[in-house]
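**Student:** Submitted below is the structure of interest, expressed as structure tokens.
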Amino acid sequence: MIQVTNLTKRFHTGGQEVLAVNRLSFSIEKGEVYGLLGPNGAGKTTTIRMIVGLLQPDAGYALVDGFRSSSDADEVKARLGLVSANDGIYPWLTVREMLLFFADLYGVCPAEANERLDQLVALFDLGDYLHRRCSVISTGQRQRVIMARALMHSPPVMLLDEPTRGLDVVGSQVVFDYIQYLREQGVAVLVSTHRLDEAQRLCNRFGLLHQGSLWQEGTLTELQRRTGCDTLVAMFTQLFRGDKNVAASALQPCATQAEASHPQIG
């Protein structure tokens with residue numbers, strides 16, 4: 001459902017060139033939850049913006065359900081849902097008005113939109129504030145509305161960019177339940193986050209980014225075997241502690257380092 005091939009993006013700032021994403025390749029299938037992980041500045045959000053079609057890559061391409069983001073942006077956006085911690089909602093609309101407005105933007109017919117609204121109100125327990133203006137609902141309620149909005153057009157692909165930022169334990173659990181629901185519905189899910197402990201609970205497979213490059217990719221078991229570390233946190237700690245050769249080389253296996261030291265950190 002998502003195919004990213006040699007995706008590359010450079011920015012020029014302060015007279016310097018910054019390579020934000022460097023020949024990044026990965027794929028995500030139906031019903032798979034893929035964690036695109038790394039610290040702030042690793043290239044996660046830039047990658048998502050290129051997949052959506054908001055940024056043009058300098059090289060490479062992204063396909064969503066067979067459509068190329070750089071040339072078929074409207075087709076791509078019709079097949080995507082996006083949940084972001086920075087994704088604002090319209091404060092002057094009620095929750096109901098906003099959800100139906102977005103359904104209309106995606107070309108969902110009124111009868112189907114109202115049926116979908118009823119389903120999502122029940123799924124996310126929106127009934128108590130469905131007719132309140134979005135400006136007066138809480139942070140946790142706003143996140144539920146954002147997640148419902150992303151599903152109003154029943155997209156086969158969902159992108160979640162730092163979805164639990166600013167949420168408490170209860171709010172974060174709502175996001176976890178949401179991702180499990182998407183998995184059960186056969187949606188291809190990309191989760192971009194630097195909260196590695198949460199990602200370890202949620203994802204089937206992981207891509208670990210370092211300075212815009214894919215340092216490691218695989219299931220948790222595969223990554224544990226290659227790195228000698230039990231957790232994702234320990235894997236990144238191993239990377240930043242000090243093997244500059246590993247840090248400088250995308251997709252460079254760190255099994256040799258792990259065999260030498262077997263660090264168990266975190």
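**Student:** Report, in whole Å, the centroid distance computed from the Cα atoms of the stretch 15-73 and the stretch 132-170.
**Tutor:** Cα centres, the stretch 15-73 to the stretch 132-170: 22 Å.
**Student:** For the pair D168 and F11, how long in nm is the line joining their label points, each one 7 Å along Cα→Cβ?
**Tutor:** Spacing of the two 7 Å Cα→Cβ label points: 3.3 nm.
**Student:** Can you give me the solvent accessible area of T94 with a 1.4 Å probe, rounded to the nearest 10 Å²?
**Tutor:** Accessible area of T94: about 20 Å².
**Student:** Report ³J(HN,Hα) in whole Hz for each residue of the stretch 145-156, in order, from the Karplus equation J = 6.51 cos²θ - 1.76 cosθ + 1.60 where θ = phi - 60°; Gly and Pro get x.
**Tutor:** Values per residue, Gly and Pro as x: 5, 4, 5, 5, 4, 5, 9, 4, 9, 6, x, x Hz.
**Student:** Turning to a different aspect of this structure: Using 0.36 nm per residue of separation minus the Cα-Cα distance, give me the extension gain between D118 and D104 in nm, one decimal. The partial results should precede the final answer.
**Tutor:** On the way: separation 14, 0.36 × 14 = 5.04 nm, distance 1.55 nm.
Result: 3.5 nm gained on full extension.
**Student:** If I model a spin label as a point 7 Å beyond the Cα along the Cα-Cβ vector, how far apart are those points for E184 and S71 in nm?
**Tutor:** 4.0 nm
**Student:** Another one. Which residues in the stretch 44-62 have a backbone N closer than 16 Å to a point placed 7 Å from the Cα of S27 along the Cα-to-Cβ line?
**Tutor:** Flagged as within label range: 61-62.
**Student:** Moving to a separate point now. Which length gain, in nm to one decimal place, applies between V18 and T219 when the Cα-Cα distance is subtracted from 0.36 nm times their residue separation?
**Tutor:** Working: separation 201, 0.36 × 201 = 72.36 nm, distance 2.99 nm.
Extending this stretch completely gives an extra 69.4 nm.
**Student:** Just the number, please: carbon plus sulfur as a percent of the accessible area of the chain, 1.4 Å probe, no ligands or DNA/RNA counted. Before the final figure, lay out the partial values.
**Tutor:** Numbers: 5890 of 12470 Å².
In the chain, the share of accessible area belonging to carbon and sulfur is 47 percent.
**Student:** Roll a 1.4 Å probe over the protein chains and send me the accessible area per residue for the stretch 1-49 in Å². Provide the component values of the computation, followed by the final result.
**Tutor:** Values: 2280 Å² over 49 residues.
For the stretch 1-49, the solvent-accessible area averages 47 Å² per residue.
**Student:** Count charges around F206 for me, please; just the other residues with Cβ under 10 Å from its Cβ, Lys/Arg as +1, Asp/Glu as -1. Don't skip to the answer; put the middle values down first.
**Tutor:** On the way: positive: R205; negative: E217, E222.
Within the 10 Å Cβ shell, the charges total -1.
**Student:** Follow-up question, since we're still on this one. Might you work out the accessible area of W92 for me, using a 1.4 Å probe with all protein chains in place, and round it to the nearest 10 Å²?
**Tutor:** Rounded to the nearest 10, that gives 150 Å².
**Student:** Per residue, how many Å² of accessible area does the stretch 81-122 show with a 1.4 Å probe? It would help to have the intermediate numbers written out before the result.
**Tutor:** Details: 2270 Å² over 42 residues.
Solvent-accessible surface per residue comes out at 54 Å².
The values are calculated or read from the model by the stated rules, or taken from the named source; none is laboratory data. Keep in mind the model is a prediction, meaning the values are calculated, not measured. Please note: Cβ atoms are built from the backbone with ideal geometry, for glycine as well, and neighbour counts cover all protein chains shown. With ligands, DNA and RNA removed, areas are computed over all heavy atoms of the protein, side chains included. Shrake-Rupley method; radii C 1.70, N 1.55, O 1.52, S 1.80 Å.
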